[in-house]
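First comes the structure, then the notes that go with it.
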Amino acid sequence: MTSSLLTAKNLTFGYDDVPILKNIFLKIEAGEFIGLIGPNGSGKSTLLKLLAGILDAPAHSIYFKQNDIRQVPRKRLAQSIAWTPQEQNLAFSFKNSEVVLMGRHPHLSLFTMESEKDFAIAQKAMETTHTLPFADRYFNEISGGEKQRVLIASAVAQEPEMMALDEPTSALDIKYQMQILEILKHLNEDKNTTIILAMHDLHLASKFCKRLVLLDNGKIVRDGPPDKVLEPGILEEVYNIDIKLYRDPNGGVLVSPLLSDLSSTAEFE
Amino acid sequence: MTQKHYITTLGIFLTFLLATLAIAPLIGATNISLIKAFSSEIPFKENVDAHILFLARLPRILLAGIAGSALAVAGAVFQALLRNDLAAPFTLGVSSGAAFGAVLSIAMGWNFRFLGVPALSIFAFFGALLAVALVFSLVKVRHNEFETSTLLLAGVTANFFFAALVMFIHYLSDFTQSFQIIRWLMGGLDITDYGTVLSIIPPVALGFVILMVIARDLNLISAGVSTALSRGVNVSRIQKSGFIVSSLVTGTIVAFTGPIGFVGLIAPHIVRLIVGPDLRLLLPCAMMFGAAFLILCDAVARTLIAPAEIPVGVITAILGGPFFVWLLKRKKNS
């Protein structure tokens, strides 16, 4: 039996005694495409940071391939797990190609400069993410959608087994959202990269993710295939609004919030 | 960044530094003849040109070079670690701590030497250490990173605190001491010999080596702490080593030269505008540029109103400011 890539066992975590996550059990297998959904403040970002080792989980609560994640050297972990932030501006004017090349860091030892091989990997990562055209421009001068793709390119250059992405689509228009998700789908299908991403758009989440994990107030309330997780009862409870669901003929579930003053009477079918 | 680009850029900065080193000894209040200075026919004792060149100018030029390079490198590291281009080597209180030590030793009239190092420098260095210890004792590692906002706040507080102590001691001191204190606080390179130069080379060189070793990690931290962590950087360890090493390097320099302002802020800026923010290239270039910059400023300070001298800190600000504005404007237009 092979072990899971990442396992959270009864994970509880908080800042300054304020609990953010409570009793989380989560198994991530290699090759999965997981969407982390839930209201603002439900703990999605914190969970991603814990899974990527950016925040220290309590002992014995997260395992990376059978090893307590706390015992895995940071560099070793970075060779397997990449994380990308939601939005970012840099304090200094790094070029996009330099940002992407930073993804090679965990593969380089002290005193070494990037080799031809590293440049080639970064180049390939930029091809995959369609970021080559602005490789020589400055990160702070490109649009939000382009920035997000550069950050993903940097994560791709890291050659990880898993990518954890914090709301990569939230600030983007529909075209860029599709573009990002299609890049991730391609990485998942062609390179078998495990993907876990936090997102708000439930419709797109159901279209792209094979599994959804619904968080509410620091707890996992549903975990399964999109059509099992996106059910009106639970969504109404979690988001505290009235909701109607439609099957999208092109795949996925359309989540339609109802206007509160009409919700009791409206039946437009 | 390719290897060729890297070496070419270093070469250009090295050429600039070497040219400065070649010209600076010839600049001064008195014209000297190199032929006479190197002449073997005149005994050294009677060779005025050689005296001026080797005993007055050269050690001072070397001190200026080392001080300029150290402050520039420390400034670049502080800016990267605090992700703030207004940061400078003196931001975290190192110079005020040193000033407190120096002023204390002046007011107390401590004049001894220890291993050839004057009491003033020893106390200034320990003052710098005190400030660093104080500031760092207030900052904790939280969620795998150093709380840099607290660090900045603690540094600013330490600056005010030690400045108040300096003012208090200054207020109580007599006229002679008061003049000495003012003069020290302006910073200067005038009192130096080869012994001083030799005693600051080892700690400064060691600091450079350590900072160069962690330069790539510092790059990632300067781009963002969380991404640095997810790229495998041990952020808190690198932040600590970076802050402490550059503080100690700064403290060593300030102990001997007093607080020479502006170099540590502006030299890294200027070099970053030219070579970009990658510290693997920025640090060695800042080191060479900072050295050349301070040597040139000192040459101006020595000659502008000769035979009197202007404190070099005045020149760094007067020359550096407009130059920096010009560079910023040029960058914007391109």
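Taken together, the values in this text are just the output of simple stated rules run on the coordinates, not laboratory data. Everything numeric in this text was worked out from a predicted model, so none of it was measured. Cβ: placed from backbone, ideal geometry, glycine included. Neighbour counts: every protein chain shown.
Going toward the positive end of the dipole of the protein assembly as shown, with +1 on Lys and Arg Cβ and -1 on Asp and Glu Cβ, which of A:Leu214, B:Val117, B:Gly65 do you reach last?
Checking the options against the dipole of the protein assembly as shown, the answer is B:Val117.
Among rounded, prolate and oblate, which fits region B:3-333 when a ≥ b ≥ c are the square roots of the eigenvalues of its C-alpha gyration tensor, a/c under 1.5 means rounded, and a/b larger than b/c means prolate?
Working: a/c = 1.93, a/b = 1.24, b/c = 1.55.
Taking the square roots of the gyration eigenvalues as a ≥ b ≥ c, region B:3-333 is oblate.
Could you calculate the contour length gain from B:Gln3 to B:Glu46, that is, 0.36 nm times the residue separation minus the distance between their Cα atoms, to one decimal place in nm?
Working: separation 43, 0.36 × 43 = 15.48 nm, distance 5.03 nm.
Extending this stretch completely gives an extra 10.5 nm.
Using each residue's phi in region A:135-150, evaluate 6.51 cos²θ - 1.76 cosθ + 1.60 at θ = phi - 60° and report the 3J(HN,Hα) Karplus result to the nearest Hz, with x for Gly and Pro.
4, 8, 8, 7, 4, 6, 9, 9, 6, x, x, 5, 4, 4, 5, 5
Residue farthest toward the positive end of the dipole of the protein assembly as shown, with Cβ of Lys/Arg at +1 and Asp/Glu at -1: which of A:Gly53, A:Val18, B:Leu130?
Going by the Cα projections, it comes out as B:Leu130.
Put +1 on the Cβ of every Lys and Arg and -1 on every Asp and Glu Cβ in region B:67-202; which of B:Ile182, B:Ala74, B:Leu92 then has its Cα farthest towards the positive end of the dipole?
Going by the Cα projections, it comes out as B:Leu92.
In region B:289-323, which residues have a backbone nitrogen under 15 Å from the label point lying 7 Å from A:Ser93's Cα in the Cα-to-Cβ direction?
No residue passes the distance filter.
Between B:Trp110 and B:Tyr171, what FRET efficiency comes out of the Förster formula 1/(1 + (r/R0)^6) with R0 = 25 Å and r the beta carbon distance, rounded to 0.05?
0.85
With equal scatterers on the alpha carbons only and no solvent term, can you work out the Debye log10 of I(q)/I(0) for the protein assembly as shown at 0.08, 0.10, 0.13 1/Å?
Cα-only, vacuum Debye calculation for the protein assembly as shown: -0.67, -0.91, -1.27.
If r is the Cβ-Cβ distance from B:Thr157 to B:Asn84 and R0 is 25 Å, what FRET efficiency results, to the nearest 0.05?
Details: r = 17 Å, r/R0 = 0.68.
About 0.90, to the nearest 0.05.
For region A:75-83, take each phi angle, set θ = phi - 60°, evaluate the Karplus expression 6.51 cos²θ - 1.76 cosθ + 1.60, and give the result in whole Hz per residue in order, putting x for glycine and proline.
My calculation for region A:75-83 gives 5, 4, 4, 5, 6, 10, 10, 10, 10 Hz in order.
Search the structure for amide H atoms under 5 Å from the amide H of A:Trp83, placed 1.01 Å from N in the peptide plane, and list their residues when 5 or more places away or on another chain.
Sorted by chain and number, the residues that satisfy this are A:Ala164.
Quick one: dipole size for the protein assembly as shown, taken about the Cα centre, charges +1 on Lys/Arg Cβ and -1 on Asp/Glu Cβ, in debye to the nearest 20. Don't skip to the answer; put the middle values down first.
On the way: 49 positive and 48 negative charges, 264 e Å.
So the magnitude is around 1260 debye.
Identify the trypsin sites (Lys or Arg not before Pro) of region A:30-100 meeting these criteria: DSSP loop state and at most 16 other C-beta atoms within 10 Å of the C-beta. Intermediate values should be presented prior to the final figure.
On the way: sites: A:Lys44, A:Lys49, A:Lys65, A:Arg70, A:Arg74, A:Lys75, A:Arg76, A:Lys95; in loops: A:Lys65.
When the trypsin sites (Lys or Arg not before Pro) of region A:30-100 are filtered for loop state and at most 16 Cβ neighbours within 10 Å, A:Lys65 remain.
Please give every one of the lysines within straight-line cross-link reach of A:Lys124, meaning a C-alpha to C-alpha distance under 18 Å, and leave out same-chain neighbours fewer than 8 residues apart.
Straight-line reach from A:Lys124, under 18 Å: A:Lys95, A:Lys147, A:Lys185, A:Lys191.
So which chymotrypsin sites (Phe, Trp or Tyr not before Pro) in region B:104-177 end up in coil per DSSP with only 14 or fewer other C-beta atoms within 10 Å? All intermediate terms of the calculation are to be shown ahead of the outcome.
On the way: sites: B:Trp110, B:Phe112, B:Phe114, B:Phe123, B:Phe125, B:Phe126, B:Phe136, B:Phe146, B:Phe160, B:Phe161, B:Phe162, B:Phe168, B:Tyr171, B:Phe175; in loops: B:Trp110, B:Phe112.
Those satisfying the criteria are B:Trp110, B:Phe112.
Per DSSP helix of 4 or more residues, -39500 (n - 2.57); summed, then divided by the residues of the protein assembly as shown. What does that give at 222 nm, rounded to the nearest 500?
-17000 deg cm²/dmol
Based on the Cβ-Cβ distance from B:Leu34 to B:Leu10, what FRET efficiency comes out when R0 is 22 Å, to the nearest 0.05? Walk me through the intermediate numbers first.
On the way: r = 29 Å, r/R0 = 1.30.
Plugging the Cβ-Cβ distance into 1/(1 + (r/R0)^6) gives 0.15.
Quick one: what are the phi-derived ³J(HN,Hα) couplings along region B:284-298, Karplus 6.51/-1.76/1.60 with θ = phi - 60°, whole Hz, x for glycine and proline?
Per-residue couplings from phi come out as x, 5, 5, 4, 6, 5, x, 4, 4, 4, 6, 4, 5, 4, 5 Hz.
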